[in-house]
1. For segment B:148-164, indicate whether the set of residues that are within 14 Å of chain A (Cβ to nearest Cβ), surrounded by 21 or more Cβ atoms within 10 Å (Cβ to Cβ) and touching a residue at least 12 places away in the same chain (Cβ under 8 Å) is non-empty.
2. Go through segment B:327-369 and count every residue that is surrounded by fewer than 16 Cβ atoms within 10 Å (Cβ to Cβ), hydrophobic (A, V, I, L, M, F, W, C) and in a loop (DSSP other than H, G, I, E, B).
3. Which one of B:D350, B:D332 is touching a residue at least 24 places away in the same chain (Cβ under 8 Å) and in contact with a Gly (Cβ under 8 Å, 6 or more places away or on another chain)?
4. Kindly evaluate A:A22 against the criterion of being surrounded by 21 or more Cβ atoms within 10 Å (Cβ to Cβ), within 14 Å of chain B (Cβ to nearest Cβ) and at pLDDT 95 or above.
5. Can you give me the number of residues within segment A:186-204 that are under 17 Å from A:T147 (Cα atoms) and buried (at least 24 other Cβ atoms within 10 Å of the Cβ)?
6. How many of the residues in segment B:273-300 are in contact (Cβ under 8 Å) with a residue 40 or more places away in the chain and either in contact with a strand residue (DSSP E or B) (Cβ under 7 Å, 6 or more places away or on another chain) or buried (at least 23 other Cβ atoms within 10 Å of the Cβ) (or both)?
7. Give all pairs with beta carbons closer than 8 Å in which a residue from segment A:28-43 that is free of Cβ contacts under 8 Å to residues at least 60 places away in the same chain and within 11 Å of another protein chain (Cβ to nearest Cβ) meets a residue that is in a helix (DSSP H, G or I) and of a type in the set (K, R); count only pairs at least 6 apart in sequence or on separate chains.
8. Any residue in segment A:181-198 that is among the polar types (S, T, N, Q) sitting within a Cβ distance under 6 Å of a residue that is assigned to a loop (DSSP other than H, G, I, E, B)? List the pairs, counting only those 6 or more apart or interchain.
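The values are calculated or read from the model by the stated rules, or taken from the named source; none is laboratory data. None of these values were measured; they are calculated from a predicted model. Cβ sites come from the backbone with ideal geometry, for glycine too, and all protein chains shown count toward neighbours.
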Amino acid sequence: MAAVTAEALEGGFARPVFQTQAVFRVLMAALAEPARPLPLPVEAAPPAPLPPGLGAVALTLLDPDTPVWLDPALAASQPVRAWLAFHTGAPVAAEPMDAAFALVVDPLRLPPLAAFAQGTAEYPDRSTTLVIAVDRFDTDPSAPLLTGPGFEAPRRFRALPERAGFQDQWAANRALFPRGVDVVFVAGGLVAGLPRSTRLAPTE
Amino acid sequence: MMDVDVNEAGLPRVVVSDPAAGFTPLSNSPPQGGRGPVGGLGEGGSETADLDGALSPLEGESGSGGEPPREGALGAVLDDDATLPTYSFAYLDEQTKRMIRRAILKGIAIPGYQVPFASREMPMPYGWGTGGVQVTAAVIGPDDVLKVIDQGADDTTNAVAIRGFFQKTAGVATTTRTGEATVIQTRHRIPERTLEAHQILVYQVPIPEPLRYLEPRETETRKLHGLEEYGLMHVKLYEDIARHGHIATTFAYPVKVEGRYIMDPSPTPKFDNPKMHRSKALQLFGAGREKRIYAVPPHTDVVSLDFEDHPFRIQSFSQPCALCAAEGVYLDEVILDDRGGRMFVCSDTDHCEERRAAGHRGALSGEAL
């Protein structure tokens with residue numbers, strides 16, 4: 001066990017009760033109206049390579065009850081592990097299948113969605129929620145058209161480049177409904193939710 | 001030491017010799033240093049603090065004289081919210097709120113599915129809305145405006161008590177006006193005014209499992225939901241028709257959410273079921289005793305079960321509201337005397353008040369109203 005450094009102790013929320021509530025409300029809105037980028041109050045300062053947005057989500061949702069899986073880039077960072085351990089107390093899951101949450105900063109090397117906990121038919125909530133840092137959100141006409149609960153009308157949204165092959169994986173994830181994973185994308189100070197209920201809109 | 005005194009208005013007034021021993025209602029208004037005699041500061045030898053505020057916590061006023069509430073170690077890092085309680089803001093501790101928040105997010109991701117959660121003991125009995133209160137406590141923030149209704153009314157015991165609870169524990173603003181509220185906790189009605197996108201409707205749910213009276217075992221109902229095996233529910237509605245000639249279920253009328261889960265909409269009158277369908281507002285359901293949370297996101301299909309030859313119908317009323325003449329709203333029967341006299345008035349008191357303020361008059365409203 002490495003010594004605890006000052007870096008691990010700093011960068012949390014100064015006013016956690018109100019800041020976690022504010023972040024939660026944005027996350028709730030993001031999942032209730034999927035694929036709609038919303039401003040995320042980012043006031044956490046975790047050590048690199050953990051982006052502040054992911055840090056804010058982690059401070060809001062993680063605690064000793066939630067095993068967290070870190071992607072290799074994060075898992076390799078001792079300061080990140082120490083920061084998460086100090087501020088959230090969440091145990092690190094060795095396998096994606098055992099994780100309640102997954103923090104991902106290198107989405108191009110994301111394991112298949114099927115590698116994460118999918119829940120069971122009787123308890124579909126026992127699944128992993130992935131929190132993925134991306135560069136930006138595309139809502140232009142080339143982005144896939146999405147629909148489902150929370151959509152007044154279909155919306156165009158893409159968070160990962162085509163070559164990540166996310167679209168096919170997402171269709172497979174949706175086919176498992178009500179099992180499957182939920183995703184929260186964070187791009188800088190924006191967040192967008194992709195709950196398992198969201199599906200590709202039929203193209204005419 | 002505490003004495004009870006009677007002031008000019010004939011109301012008892014508590015006089016406490018040590019302000020710290022009295023209960024201080026929490027508030028988001030700044031401390032009012034000039035209000036009431038200041039305790040223990042040696043002004044004219046007065047050793048009393050006026051704690052009128054403690055007797056009227058619904059006013060949300062700070063009544064402890066010159067003592068700024070909650071000045072402590074945490075106060076040092078707070079600035080604009082310095083008067084808000086931090087530890088156990090809105091009663092629940094942070095760990096509990098996180099657990100409930102995670103359950104809410106799962107519920108939203110799987111519309112209509114009942115997420116188990118570690119329901120806490122609340123300072124009120126089961127059946128008084130402990131589930132709804134926990135959900136509200138987990139979502140509410142200092143900027144929210146809370147409305148609580150009990151059978152449509154803002155002024156009944158359950159509504160008044162829960163509103164007071166959150167004024168005390170979270171210092172939030174409260175309202176009776178549907179249009180002004182950001183969070184509305186409800187026991188069995190959906191307001192008549194169409195809800196907006198920024199509003200959250202929190203239901204207090206007694207029995208979250210729509211199949212419970214048909215199949216008492218949780219292990220079995222879980223399986224039925226997992227397999228989407230809902231024939232039992234249709235048999236129940238069919239038996240209604242066989243026995244009564246029509247579907248006799250009038251409240252807690254089962255709905256199918258987004259074509260997948262059958263959900264109990266809580267014991268709202270079936271009159272309110274159509275309001276859930278593709279509502280702009282997020283709907284959250286909390287069942288405290290049964291330890292379940294579920295949700296319906298905005299713009300989500302919520303369809304009441306029926307048969308082709310026995311389509312779903314809501315209640316209709318032969319007369320308008322006796323006070324505001326509203327039609328197409330849900331009415332309560334009010335007994336007027338012991339000779340069979342009665343009137344029908346809006347169940348949604350805020351809706352009725354707003355209509356009367358706008359000049360609508362019903363048959364029994366009289367001119368004085």
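1. The answer is no; no qualifying residue exists.
2. 6
3. The conditions single out B:D332.
4. For A:A22, the condition - surrounded by 21 or more Cβ atoms within 10 Å (Cβ to Cβ), within 14 Å of chain B (Cβ to nearest Cβ) and at pLDDT 95 or above - is not met.
5. Going through segment A:186-204 one residue at a time, the tally reaches 7.
6. 19
7. A:M28/B:R101
8. A:S197/A:G148; A:S197/A:P149; A:T198/A:P34; A:T198/A:G148
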